[in-house]
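First comes the structure, then the notes that go with it.
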Amino acid sequence: MSTEPATRAARRRRAGGGFTRMLAIVIAGLVVAGAVGAAVSLAQGPRVSAVAVDAQAAAEAAGQRIVFTTNQPLAEIDPAQVSVEPAAAFTLEAAGRNIAVEFTYPLDPDTEYRVEITGVEGSWGGPTATLAHAFTTGIPPLYVLQRRADEDDVIFSSNLAGDEAVPVHTAAQIEDFRASRDGIVVHTTDADGAAALSVVTGEGDPAEFTMPGEGTITTLQAADHGGLVGYTYTDLDIGAGGGIEAALYLARMDDPAAEPTRIEVGEDARVVQWAFVPQTSALVVLTFDGQLRLVETRDLDAEPVLLGGALALSGVERGTGRVIVERTEGTVVLDLTDLSEEPLVAAEGAEALGIPGPVTPTVEGATLRTFTQMGADGFPQSQLIASVAADGAVTPLMELTDRGDAVMQTCASPSGRYAAVIVAPDLAENPYDLYTRPLPERLETTIVDTADAEVVTTLQGTDISWCAVAMP
């Protein structure tokens, strides 16, 4: 009887057993390697496996983040372990393998920042490590409008030095424009006085917005995120027979053809002033009845929050929800997070600075303020633009000593590093144009570094894109 089949079967059994033993050895090796790897990882402490930060957006808007992802879950992180150089206000959120450092305000443009987190420990214990990352912020685009008496008006993109101006949009009778990361919204007026809006995104021709009707618009604004646009609208034929007057409308840049949404608050819904609240979907609205309200745009059926009587709305600070409000008892800072308020801090030596004028919020509680010195003849002699810190410390930025020149508006760059001062030279001999929103024919925008009060440049034009709303 042949034994060959039995021999082959035995060989197969031996081969199968060898494969099983080899597989077991491999698996055991992998387990050991994994254990060794884990041990090595624990011995070395946490390490960064990825870092995410939008360096361009960090210089454009508040609330931007840098997120560290590590190779293992982490123990609790205290904000005291985090440092940012140059110094920048931040909040901290950490969970699992991620640490998110959120910047309260926009960062300075074209600046290298280093974020360092010390004493980082894994959730299972072991040695600690230091995590760090450096990045250079982008340079947000800067836009200005030049109105031209004998040809089409132009919106220019420029750098801070003013030596790289590039036209980005040309049209007849540009009344105003507002810019955000989502595009540029341009307000023009036709020969009959009817307003039109279009959005310029750099992709194809400008897209026209659907308007509420044939009318005029004012207080054009663009939200810092989400592509929202708002304006107040009045019918051209408004009169005793009625019509829409000073009504607030919202539209979207990504769907300009859609019907705009009307915002109605209070018994008298006509709007005097309003503003987007940065990083939120809310609006602050001052109506003709002198009441200030907080409106949530995601739920327009909800009752607006009444914020009390007000004479004027000076602006909203980026990143904090603090609003500067003119009340009958004086200027106050209203905190929308808890509805508390306190008087606006007085500028040190205010009596010697002159008559206080407009106040523009910047960052970290600072403001830009204009003071006017009166001459012995009762007419303005000079004007001073100063940065006033949260504690009242005053840094003079620019002084106009020519009695013919006039400050029209002040605005701050997103991070507050630069101030823009819009000036009408020789106002008495500087005729206004015939637009729906008349402006002096000659306007200059001087940019000043708030750190050292040095003039960076002077641009020919107005409506610099740092301003939330155009000058009155």
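The values are calculated or read from the model by the stated rules, or taken from the named source; none is laboratory data. Just so it is clear, the model here is predicted, and its values are computed rather than measured. Heads up, the Cβs are rebuilt from the backbone with ideal geometry, glycines too, and the neighbour counts pull from every protein chain shown. Ligands, DNA and RNA are stripped out before the accessible areas are found, and what is left, the full protein with its side chains, is counted by its heavy atoms. Shrake-Rupley method; radii C 1.70, N 1.55, O 1.52, S 1.80 Å.
Couple of notes before you dig in:
- Just one of (1) among the aliphatic types (A, V, I, L, M); (2) crowded, with 16+ Cβ neighbours inside 10 Å; (3) part of a strand (DSSP E or B) fails for LEU92. It is (2).
- Residue in the stretch 66-82 that is open to solvent by 10 Å² or more (accessible area, probe 1.4 Å), closer than 26 Å to GLY416 by Cβ and in contact with a helix residue (DSSP H, G or I) (Cβ under 8 Å, 6 or more places away or on another chain) present: no
- Checked across the stretch 418-429, the condition of being under 22 Å from VAL325 (Cβ atoms), within 31 Å of the chain's Cα centre (by Cα) and buried (at least 22 other Cβ atoms within 10 Å of the Cβ) holds for at least one residue.
- The residues of the stretch 340-361 that are at pLDDT 95 or above and in a loop (DSSP other than H, G, I, E, B), listed by number, are LEU344, VAL345, ALA346, ALA347, GLU348.
- Residue match in the stretch 305-328 (condition: of a type in the set (D, E, K, R), open to solvent by 70 Å² or more (accessible area, probe 1.4 Å) and in a loop (DSSP other than H, G, I, E, B)): no
- The set of residues from the stretch 424-452 being under 30 Å from ASP190 (Cβ atoms) and in a strand (DSSP E or B) comprises ALA424, TYR432, PRO440, GLU444, THR445.
- The stretch 329-348, subset more than 22 Å from the chain's Cα centre (by Cα) and among the charged types (D, E, K, R), residue least open to solvent (accessible area, probe 1.4 Å): GLU341
- Residue count, the stretch 181-206 (criterion: open to solvent by less than 40 Å² (accessible area, probe 1.4 Å) and either modelled with pLDDT of 95 or more or hydrophobic (A, V, I, L, M, F, W, C) (or both)): 13
- Per this entry, VAL154 is counted among residues that are farther than 16 Å from TYR249 by Cα and either open to solvent by less than 50 Å² (accessible area, probe 1.4 Å) or under 19 Å from the mean Cα position of the chain (by Cα) (or both).
- Screening the stretch 239-254 for residues that are assigned to a loop (DSSP other than H, G, I, E, B), touching a residue at least 12 places away in the same chain (Cβ under 8 Å) and closer than 27 Å to PRO438 by Cβ and picking the one that is nearest to the chain's Cα centre (by Cα) gives ALA246.
- Looking only at residues in the stretch 232-283 that are of a type in the set (Asp, Glu) and open to solvent by 60 Å² or more (accessible area, probe 1.4 Å), the one that is nearest to GLY183 (Cα to Cα) is ASP254.
- Qualifying residues in the stretch 432-472 (those that are more than 23 Å from the chain's Cα centre (by Cα) and of a type in the set (D, E, K, R)) - the one surrounded by the fewest Cβ atoms within 10 Å (Cβ to Cβ): ASP452
- Of all residues in the stretch 382-411, those being of a type in the set (Val, Ile, Thr) and either surrounded by fewer than 16 Cβ atoms within 10 Å (Cβ to Cβ) or farther than 16 Å from CYS467 by Cβ (or both) number 4.
- Residue check: PHE379 meets all listed conditions (1) within 28 Å of VAL421 (Cβ to Cβ); (2) open to solvent by less than 50 Å² (accessible area, probe 1.4 Å) but one, namely (2).
- Flag for GLN381 being in contact with a Lys or Arg (Cβ under 9 Å, 6 or more places away or on another chain) and closer than 27 Å to ILE174 by Cβ: no
- Annotation note: Cβ proximity below 9 Å between a residue of the stretch 131-151 that is over 30 Å from ALA94 (Cα atoms) and open to solvent by 40 Å² or more (accessible area, probe 1.4 Å) and a residue that is in a strand (DSSP E or B) and of a type in the set (Asp, Glu) (sequence gap 6+ or interchain) occurs for GLN146/ASP153; ARG147/ASP153.
- Count of the stretch 379-412 residues which are in a strand (DSSP E or B), among the small types (Gly, Ala, Ser) and more than 11 Å from THR367 (Cβ to Cβ): 2
- The stretch 97-165 holds no strands (runs of 3 or more DSSP E) entirely within its bounds that carry 3 or more residues that are out of contact with any strand residue (DSSP E or B) (no Cβ under 7 Å at 6 or more places or on another chain) and under 29 Å from GLU317 (Cα atoms).
- Residue in the stretch 280-296 that is touching a residue at least 24 places away in the same chain (Cβ under 8 Å), among the small types (Gly, Ala, Ser) and in a strand (DSSP E or B) present: yes
- GLY365 vs. criteria under 24 Å from the mean Cα position of the chain (by Cα) and either at positive phi or at pLDDT below 95 (or both): yes
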